[in-house]
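See below for the structure under consideration.
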Amino acid sequence: MSEEHDVAETLDVQGENCPMPVVKTKQAVDGLGADEVLEVLATDAGSMSDIKGWAGSTADVELVDQVAEADVYRHYVRKVE
């Protein structure tokens, strides 16, 4: 499901391991407006399941897409209200 997303902000957490990608993603999403999309760039393979789980259990967040590339995991998270 790789497609273009209207990204409002990009968060680079490359080189950081659990739980920091999720912690920093939450902080960044808190600063977004309604329907804005955050792109998260991570190198921790665990971020795929961690961010998916966090988004699934957070009421005002929607996981739009996840893309696993050679060295980087891209996550697209939308703030909903």
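Rounded if a/c is under 1.5, else prolate if a/b is larger than b/c, else oblate: which is region 33-81, with a ≥ b ≥ c the root eigenvalues of its Cα gyration tensor?
oblate
If you count, for each residue, the other Cβ atoms within 10 Å and average over each peptide, how do 37-46, 69-78 line up from highest to lowest?
Ranking, from highest mean packing down: 37-46, 69-78.
Enter the angle in degrees (range 0 to 90, nearest 10) between the Cα long axis of helix 20-30 and the first principal axis of the Cα atoms of the chain, meaning the one along which they spread out most.
Orientation of helix 20-30: about 20 degrees from the principal axis.
In percent, what relative contact order does the chain have, based on Cα pairs under 8 Å that are 6 or more apart in sequence? Write out the running numbers ahead of the final one.
Numbers: 153 pairs, mean separation 28.2, N = 81.
It rounds to 35 percent for the chain.
Projecting each Cα onto the charge dipole of the chain (Lys/Arg +1, Asp/Glu -1 at the beta carbon, about the Cα centre), which of Gly31, Gly53, Ala8 comes out farthest on the positive side?
Gly53
Using a 1.4 Å probe over the heavy atoms of the protein chains, calculate the carbon and sulfur portion of the accessible area of the chain as a whole percent.
Ligands and nucleic acids excluded, carbon and sulfur give 46 percent.
Please enumerate, by chain and number, the aspartates and glutamates with C-alpha under 16 Å from the C-alpha of Lys52, excluding those fewer than 8 residues away in the same chain.
Glu39, Asp44, Asp60, Glu62, Asp65
Taking the 0 to 90 degree range and rounding to the nearest ten, how far is the long axis of helix 47-56 tilted relative to the main principal axis of the chain, both from C-alpha atoms?
20 degrees
The values are calculated or read from the model by the stated rules, or taken from the named source; none is laboratory data. Everything quoted here is computed from the prediction, not taken from an experiment. Positions of Cβ are generated from backbone atoms using ideal geometry, with glycine treated the same way; all protein chains shown enter the neighbour counts. SASA here: full protein model, heavy atoms, side chains in, ligands and nucleic acids out. Shrake-Rupley method; radii C 1.70, N 1.55, O 1.52, S 1.80 Å.
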